[in-house]
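The values are calculated or read from the model by the stated rules, or taken from the named source; none is laboratory data. All values derive from a computational prediction rather than experimental measurement. Here the Cβ is made from the backbone with ideal geometry for all residues, glycine too, and neighbour counts use every protein chain on show.
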Amino acid sequence: MEASLENPAEQIKRLQRCINDLVSVLALAATWADAEPSQVVGAVTDALLRMLDLDLVFVRLTNPTGDAPIKIIRIGPSQKSTTDARIVSEAIDGWFGDNPQKWPPLVQIPIGGRGVSIAPLQLWLQGEKTLIAVGSQRPDFPSQTERLLFSVAANQVAIGLQKARLLTEQKRIADELDERVAERTGELAAANEELRNEIAERKRAEEELRDTQSKLAHMTRLMTIGQLTASIAHEVNQPLAGIITNANTCLRMLAAQPPNIEGAKETARRTIRDGNRASEVIKRLRALFSKKDPSLEPVDLNEATREVIALSLSKLQGNRVILRTELADGLPNVSGDRVQLQQVILNLIQNGSDAMSSIDDRPRDMLVKTERDGHEALCLTVRDVGVGFSEEDGGRLFDAFYTTKGDGMGIGLSVSRSIVERHGGRMWTAGNEGPGVSFSFSVPLLPEQKTDADTTARAGGPRSMERQSK
Amino acid sequence: VTEVVRTTNVERPLVSVVDDDESVRESLPDLLREFGFAVRAFASAEEFLTSDCVGKTRCLILDIAMPGMTGPDLQHELKRRRREIPIVFITAHADESARPGLIEEGAVECLLKPFSDTDLRKALDMALAED
């Protein structure tokens, strides 16, 4: 309707201007690259004011982060000197509230004594309510062309703002990411450092443990050697005492007037007998210590047990222990380190003897027994009638440094069990029906001495595998 | 000399040997007789206590470690009975740690097996001088 009132030349001129303005508005977006939202809004208000010959442009930008809205007002040069921008801004702000549905399509506000028509435009930006209000004194404001230009401009602003927002968001995310990366890097470095410290600490603890364990093993060896040395000394000193006494007597008998030849002969014979006795002890010790190969060898468990008993006998007698043995006949050899197994047997016998040292109301009976343990192992048991142990002690007997003896170190049983386990055997303990306890261990037989049933099973193995592979 | 020994035969002081080791019980009495003592040997402390020698023994040569009553046990028992017989301990355990306690309890000497005839003689002289 408006267009029909103008002459065609005027109409064409207006259209040309409109197209120019459109191009200018469209070109605006290009200048907003990397701009902040407030810059975009500032630029578009300036452009609208200038291009469309408006008297005022007001923009209210709701900040998505929830901060106070950004409000920008531009007053045209004709009114600028006479108008209080703040009052106008507040007036527009009052008319067009939070709910765009309640916005009036056009309001008149008196500025500088003349009414100015103000039209609102809403920018739809993902849930935000951005207001652009444009005002002019012209009575025909806003014309159709102006409405078109406003909506295009509004779209451009929307796009520009979205871009700017996106950019800002990207920047924020990038900054936050940088910050988090830096933070996380720091955390990782700290965690790494902590881990390194932990590893070093653990390494140190492990070394300490290894050191303690080797010291322990050494101590036990020394103790065992000390005990053995005492037994050896006793076993050798007895016949030596006989030898020296007999030889002295012999000399004295020969030196007498007249010489006591018969007496001298008798003492000389006894000297020889005691000498042989001493040499028997040495032979036994040799057998005990001679070890050609540290690896597993066939061990006659009964023979090994007898040697240990021979060496412990004087100590057992000293403790008034009445020792009984039940060594099963015809036992096959076990596979093991003879001296180590003997250390275990010695330890069990000494423990049994110690457990009975305070027993006076019954004979201090000890039984050492060997027998088969199934088809593949032999078992040795030492049974005493001593003080025994409580259930609580029972669970900890094999722990290193745990002892129920007043003067014990708590090493013997723990080392004994580790020796037995190294032999592929096991060690256990059980209370007796009467007083005292039984300690037992079992060690596997030499492979070739396992029962016939096992041998056939092994022989059958490869054949059945051949069948399977075909 | 032989004549003198024979004539003083009745006067010979009695030395008792208590040791569970047979070779000691065989060899030591012969040497002690060569020294000029009368000797009785016992395989255990209990055997000695029940014999008729407790009151007559001038010196006791006593093994420390024995099954049943040990040497120190016998020492205490004699003290309890107020039979203060001088004691020379002998032991095959090469352990000097027992010695001070035994001497403290009144023993004359503690000899480690094997011991020489001169050491034994010295200990006996001390024991008889004490007697």
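For segment B:100-107, check the following and say yes or no: at least one residue is at pLDDT below 95, within 13 Å of chain A (Cβ to nearest Cβ), more than 25 Å from A:C250 (Cβ to Cβ) and in a helix (DSSP H, G or I). No: segment B:100-107 contains no residue that is at pLDDT below 95, within 13 Å of chain A (Cβ to nearest Cβ), more than 25 Å from A:C250 (Cβ to Cβ) and in a helix (DSSP H, G or I). If we scan segment B:23-38, do we find a residue that is touching a Pro at 6+ places or on another chain (Cβ under 8 Å), more than 11 Å from every other protein chain (Cβ to nearest Cβ) and touching a residue at least 12 places away in the same chain (Cβ under 8 Å)? Yes, some residue in segment B:23-38 is touching a Pro at 6+ places or on another chain (Cβ under 8 Å), more than 11 Å from every other protein chain (Cβ to nearest Cβ) and touching a residue at least 12 places away in the same chain (Cβ under 8 Å).
Between A:I111, A:I118, the distinction of being touching a residue at least 12 places away in the same chain (Cβ under 8 Å), touching a Gly at 6+ places or on another chain (Cβ under 7 Å) and closer than 30 Å to A:V25 by Cα belongs to A:I118 only.
In the set (1) modelled with pLDDT under 85; (2) under 10 Å from A:A377 (Cα atoms), the condition left unmet by A:S442 is number (1). Within segment A:98-114, identify whether any single residue is part of a helix (DSSP H, G or I) and either in contact with a Ser or Thr (Cβ under 6 Å, 6 or more places away or on another chain) or exposed (fewer than 11 other Cβ atoms within 10 Å of the Cβ) (or both), and answer yes or no. Checked segment A:98-114: at least one residue is part of a helix (DSSP H, G or I) and either in contact with a Ser or Thr (Cβ under 6 Å, 6 or more places away or on another chain) or exposed (fewer than 11 other Cβ atoms within 10 Å of the Cβ) (or both). Yes or no: A:L54 in contact with a Ser or Thr (Cβ under 6 Å, 6 or more places away or on another chain), more than 23 Å from A:L161 (Cβ to Cβ) and at pLDDT 80 or above? No, not satisfied.
Got a number for residues in segment A:341-389 being hydrophobic (A, V, I, L, M, F, W, C) and outside any helix (DSSP H, G or I)?
Residues meeting the conditions: 13.
With (1) modelled with pLDDT of 80 or more; (2) in contact with a Phe, Trp or Tyr (Cβ under 6 Å, 6 or more places away or on another chain) as the list, and A:V40 as the residue in question, which single condition is left unmet? If we test A:V40 against (1) modelled with pLDDT of 80 or more; (2) in contact with a Phe, Trp or Tyr (Cβ under 6 Å, 6 or more places away or on another chain), just (1) comes out false.
Count of segment B:46-86 residues, restricted to those that are part of a helix (DSSP H, G or I) and within 13 Å of chain A (Cβ to nearest Cβ), is 4.
Matching residues to (1) within 14 Å of A:Q340 (Cα to Cα); (2) more than 8 Å from every other protein chain (Cβ to nearest Cβ); (3) outside any helix (DSSP H, G or I); (4) modelled with pLDDT of 80 or more:
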| residue | (1), (2), (3), (4) |
| --- | --- |
| A:L228 | yes, yes, no, no |
| A:H234 | no, no, no, no |
| A:P259 | no, yes, yes, yes |
| A:V308 | yes, yes, no, yes |
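Residues of segment A:315-340 that are within 18 Å of A:D365 (Cβ to Cβ) and either assigned to a loop (DSSP other than H, G, I, E, B) or in contact (Cβ under 8 Å) with a residue 24 or more places away in the chain (or both): A:K315, A:L316, A:N319, A:R320, A:V321, A:I322, A:L323, A:R324, A:T325, A:E326, A:L327.
What are the residues in segment B:87-99 that are buried (at least 21 other Cβ atoms within 10 Å of the Cβ) and at the interface with another protein chain (Cβ under 10 Å from one of its Cβ atoms), if any? Hits for segment B:87-99 are B:I90, B:T91, B:A92. Report whether or not A:T245 is in a helix (DSSP H, G or I), at the interface with chain B (Cβ under 7 Å from one of its Cβ atoms) and not basic (K, R). The answer is yes for A:T245. Looking across segment A:261-280 at every residue that is of a type in the set (K, R) and under 30 Å from A:L311 (Cβ atoms), the one that is farthest from the other protein chains (Cβ to nearest Cβ) is identified as A:R269.
One residue stands out in segment B:113-131 among those that are more than 13 Å from chain A (Cβ to nearest Cβ) and free of Cβ contacts under 8 Å to residues at least 60 places away in the same chain: the one that is nearest to B:A92 (Cα to Cα), namely B:A123.
Of B:F115, B:F89, which residue is outside any strand (DSSP E or B), of a type in the set (F, W, Y) and touching a helix residue (DSSP H, G or I) at 6+ places or on another chain (Cβ under 8 Å)?
Criteria check complete, one pass: B:F115.
Would you check which residues across segment B:114-130 are more than 20 Å from B:D73 (Cα to Cα) and surrounded by 13 or more Cβ atoms within 10 Å (Cβ to Cβ) and list them? Within segment B:114-130, B:P114, B:F115, B:D117, B:D119, B:L120, B:R121, B:K122, B:A123, B:L124, B:D125, B:M126, B:L128 meet the criteria.
Selection of first residues in segment A:42-63 that are closer than 15 Å to A:R138 by Cβ and of second residues that are in a loop (DSSP other than H, G, I, E, B), restricted to Cβ pairs under 7 Å at least 6 apart or on distinct chains, gives the following pairs, ordered by first then second residue: A:L48/A:L54; A:L49/A:G76; A:L54/A:G76; A:D55/A:G76; A:D55/A:S78; A:D55/A:Q79; A:D55/A:Q137; A:L56/A:G76.
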